[in-house]
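Below: one structure, written as structure tokens.
The values are calculated or read from the model by the stated rules, or taken from the named source; none is laboratory data. Please read all numbers here as calculations on a predicted model, not as lab measurements. With ideal geometry, Cβ positions are generated from the backbone for all residues, glycine too; neighbour counts draw on all protein chains shown.
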Amino acid sequence: MPEWSRRLGPGDDRGDAHGMDDEDAVTDRLAGEDSPSPAESLADKVCREIRDRIIAGTYAQGSRLREREIADALGVSRIPVREALPRLQSDGFITTSPRRGATVAELTMRDIEELYAVRLGVDVYGTRLAAQRVAAGASPAALVAAVDAADDALARGEFTEIIAANADIHEVIIELAQNSLLSALMRPVSGRARWISRLSAAPDPRVACREHHDLRDAICSGNTDLAAALAYAHIEGGREPTLAVLKGILPPG
């Protein structure tokens, strides 16, 4: 089996890769590595950590999320956990009910189809805007760095890092578009896309990496039409394989 196609065993979960099973490391990262800035509060960090655990499967679909247990695991008080949960709900990662409280959302095939429909509109438009910004003089350095990071993860055969790095590329493209409303619209979409990528585990991530090279080149050259066309082909090309894999895993919805 090629190195890039290896699957992770229980001990290789993304949670382990990010130190999520090491309580001291989590506490240091959330509270001690540096003081929360106005741009990212402790609640923001806790929200991201819980989201990453959901994506990794550490918190399984349908499982209950208890504030005290999460706070203890992350080495924080219940307050930032309580603040993070509504954000996770608005992003589609959890649901809440009076009797059960917060539970991890259970994805359906309808969710996947809806996600791709939205991405074909919003993500493609964001890519066009990004190319326009570069053509007008914006620096694509962050995009170049993001693609390089994905290449590095691919070269090392780090499957979960490849998934994360490829998702980062799309977020950087949206940031490059410099449209705050578009960024807000894409936040839950991007999170769901990461989750689905982890679940579907595309057999050959080299394909996505090659397509990201083409996207980078089109955006860096300021070719708006080509960038938008490549973004559409990239998303549409991943739709059917993803649906085929998840059809046997997720309910119809």
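Does Ile79 qualify as being out of contact with any Pro (no Cβ under 8 Å at 6 or more places or on another chain), at pLDDT 55 or above, surrounded by fewer than 14 Cβ atoms within 10 Å (Cβ to Cβ) and assigned to a helix (DSSP H, G or I)?
Numbers: out of contact with any Pro (no Cβ under 8 Å at 6 or more places or on another chain): yes; at pLDDT 55 or above: yes; surrounded by fewer than 14 Cβ atoms within 10 Å (Cβ to Cβ): yes; assigned to a helix (DSSP H, G or I): yes.
Here the answer is yes, as Ile79 does meet what is asked.
Looking at segment 166-177 only, could you name the residues that are within 19 Å of Asp52 (Cα to Cα) and hydrophobic (A, V, I, L, M, F, W, C)?
Of the residues in segment 166-177, the ones within 19 Å of Asp52 (Cα to Cα) are 166-172.
Matches in segment 166-177: Ala167, Ile169, Val172.
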message = Tell me yes or no: at least one residue of segment 184-199 is in a loop (DSSP other than H, G, I, E, B) and modelled with pLDDT under 95.
response = no
key: Any hit, segment 168-178, residues being surrounded by fewer than 19 Cβ atoms within 10 Å (Cβ to Cβ), in the same structural domain as Val144 (by TED's automatic domain parsing) and farther than 20 Å from Leu115 by Cα   = yes
request  = Scan segment 179-197 for residues that are more than 18 Å from His234 (Cβ to Cβ) and either outside the structural domain of Ala131 (by TED's automatic domain parsing) or buried (at least 20 other Cβ atoms within 10 Å of the Cβ) (or both) and jot them down.
outcome  = Gly191, Trp195
query = Quick check: is even one residue across segment 48-71 surrounded by 15 or more Cβ atoms within 10 Å (Cβ to Cβ), more than 24 Å from Leu199 (Cα to Cα) and at pLDDT 95 or above?
reply = yes
note = A careful count of residues in segment 129-154 that are hydrophobic (A, V, I, L, M, F, W, C) and over 20 Å from Asn223 (Cβ atoms) gives 5
Test result for Ile163, assigned by TED's automatic domain parsing to the domain that holds Glu236, crowded, with 18+ Cβ neighbours inside 10 Å and either under 19 Å from Ile50 (Cα atoms) or of a type in the set (Asp, Glu) (or both) = yes
request  = Identify the residue in segment 107-121 that is more than 16 Å from the chain's Cα centre (by Cα) and in contact (Cβ under 8 Å) with a residue 12 or more places away in the chain and, among all such residues, is nearest to Gln61 (Cα to Cα).
outcome  = Thr108
Residue among Leu107, Leu85 that is in contact with a strand residue (DSSP E or B) (Cβ under 8 Å, 6 or more places away or on another chain) and either surrounded by 15 or more Cβ atoms within 10 Å (Cβ to Cβ) or over 22 Å from Arg53 (Cα atoms) (or both) = Leu85
